[in-house]
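Here is the structure we will look at.
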Amino acid sequence: MRMGRKRLGILILISILLTSIFAVYDEVFKGSVNAQIPTVSVPTVTGSPLGPVVSVRRDADQDSINVRSGPSAKYDIIGVLIVGQTVPARGRTPGGDWIQIFYPGVPDSTGWVYSPLVSITGSIPIVEPPPTPTPRTTPTIDPTLAAQFIIELPPTRLPTFTPPPPLVIPTFENEPPQAVPGGIPIGIVIIGMAVLGVFGTLISFLRGR
């Protein structure tokens, strides 16, 4: 009986001790967390940039457009923008053909895009375009080296034209109609002989009957 009371007392003591420890632990750590909660409103960061912006048109014929270092196709390509991407606009050329945008990761974080490929929101000021880029290398031709590839063809003499001899067309003289001696045309003689032959044949046929 006494042993059972002792065990019960020990269990009650352990329960009281554990409850006290958890209460102290919760109070300490809960208080430290509450101290970090700010008492003022924290501004939220939105993804919409301030000021004028440009966005790549979705009806463009290509999935992306080039970002160049200046307002011309002569400048180098420094990046791309995909369809639907929106970036802040800094300025435009006097003609409005090219838009200067904020493009981080390049010198001055500045790039240029072709205006017909983007949609413009807001008023964009006119800025002075950068100078036209100069070619990196100036091509030079060594005249001595070029002379080795020049082939000189000797002039070819064309054959001389010799006119053909004149064409001789023969002429034929009309012969007089032939006649038997005595001045009778040979045609009449042939017809007379044919008539005699017909009569002779007819007489022989009648005799045979």
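The values are calculated or read from the model by the stated rules, or taken from the named source; none is laboratory data. All values derive from a computational prediction rather than experimental measurement. Here Cβ is always computed from backbone atoms with ideal geometry, including for glycine, and neighbour counts include all displayed protein chains.
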- Note on the structure: For segment 133-159, pairs from a residue that is at negative phi and surrounded by 10 or more Cβ atoms within 10 Å (Cβ to Cβ) to a residue that is modelled with pLDDT of 70 or more and aromatic (Phe, Trp, Tyr), with Cβ under 9 Å and 6 or more apart or across chains, are Pro133/Tyr75
- Item | Test: residue in segment 35-51 that is farther than 30 Å from Ser123 by Cβ, of a type in the set (Ser, Thr, Tyr), surrounded by fewer than 10 Cβ atoms within 10 Å (Cβ to Cβ) and modelled with pLDDT under 90 | yes
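Would you check if there is a residue in segment 61-77 being in a strand (DSSP E or B) and surrounded by fewer than 15 Cβ atoms within 10 Å (Cβ to Cβ)? Full working, then the answer.
At the first step, the residues of segment 61-77 found to be in a strand (DSSP E or B) are 64-68, 77.
Imposing the further condition that a residue be surrounded by fewer than 15 Cβ atoms within 10 Å (Cβ to Cβ) reduces the set to 64, 77.
Yes - at least one qualifying residue is present in segment 61-77.
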